[in-house]
Amino acid sequence: MKKYIAEFIGTMTLVLIGCGTAMLVGCDSANGCGYLLTALAFGLTIVGMAYCVGNISGCHINPAVSLAVLMSKGMSGKDFVGYVISQCLGALAGSGILALVFGLGKVTDKTGINGFGTNGLAGVSDSAAAGLIVEIILTFIFVLTILGVTSKKAGHGSFAGVVIGFTLVLVHILGIGLTGTSVNPARSFGPAVVAAIAGNTAPLGCLWVFIAGPLAGAALAALCYGFLEEKMV
């Protein structure tokens, strides 16, 4: 149970800080500093959570990461289900807190009316296929890095959290302008549901892209890393 609570807290914090920063600074193409601030918010949250709850749950805080770990025989099917449920609930909680703060404080959401930092396809001309490609590739890079840096053969130890966090910054720098960067189904699910409750149902229409894309990318990363590690002497 403690592992699930840790995943809940970690995912809630990721959505609260990452999406909250996006809501405050905006992420349009004319606001380049917003890209960097949002990318850093997501990445640095991962760094912090890695050293906060990493020793309890592994700090997946992402169903795509949990899928890759499951495929790599690093967790049981029961734990996988528990992790995913905890992550999705954490994302909902993080988005709910943002709705409360922005609503009560009457703060302007620069990601759009009731945007809540949701993902979208505007940067790829509303093409679901292009969005899928972006999310598969970015998640592949991100998860492959996680599997490599956390491998017992790698021996990176205490530096793993920093590497993972800054890799998330890296994929956000490219992905924000294209899809808003998901690489995390829970991170997309929570804001989309809360946005819909607030009256903006548009993000739900393409939510499947930000669930299928990251899961496919993570599965490919697990298969690829398994093949590469197997060939290591």
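Read-outs throughout are calculated quantities, based only on the coordinates presented, and are distinct from any laboratory measurement. What you see is a predicted model; the values in this text were computed from it and never measured. Ideal geometry is used to build each Cβ from the backbone, glycine not excepted, and the neighbour counts take in all protein chains shown.
If one puts a single equal scatterer on every Cα of the chain and applies the Debye formula without solvent, what log₁₀ I(q)/I(0) results at q = 0.12, 0.14, 0.17 Å⁻¹? One equal scatterer on each Cα of the chain leads to -0.59, -0.80, -1.20.
When the gyration tensor of the range 1-125 is built from Cα positions, what are the square roots of 5 times its three eigenvalues, in whole Å, from largest to smallest?
Those come to 28, 16, 13 Å.
Lysine pair count for the range 2-230 with Cα-Cα distance under 22 Å and sequence separation of 8 or more or different chains is 7. Per-residue packing, averaged as other Cβ atoms within 10 Å, sorts the ranges 77-85, 140-148 into the order 140-148, 77-85, beginning with the highest.
Placing a label point 7 Å from the Cα of Phe159 along the Cα-to-Cβ direction, the residues of the range 32-55 with a backbone N closer than 17 Å are 47, 51. When each full DSSP H helix of the chain is screened for a Cα extent of at least 15 Å along its own axis and an average Kyte-Doolittle hydropathy of at least 0.5, the helices passing are 2-25, 32-57, 77-104, 128-150, 160-179, 185-197, 209-230. Over the Cα atoms of the range 112-227, the radius of gyration divided by the Kirkwood radius equals 1.03; this is the Rg/Rh ratio.
Between Ile173 and Asp28, the contour length at 0.36 nm per residue exceeds the alpha carbon distance by 51.0 nm. Mean sequence separation of contacting Cα pairs (under 8 Å, at least six apart), scaled by the length of the range 1-83, corresponds to a relative contact order of 36 percent.
Compactness ratio for the range 55-98: Cα radius of gyration over 2.2 N^0.38 Å (N = residue count) comes to 1.20.
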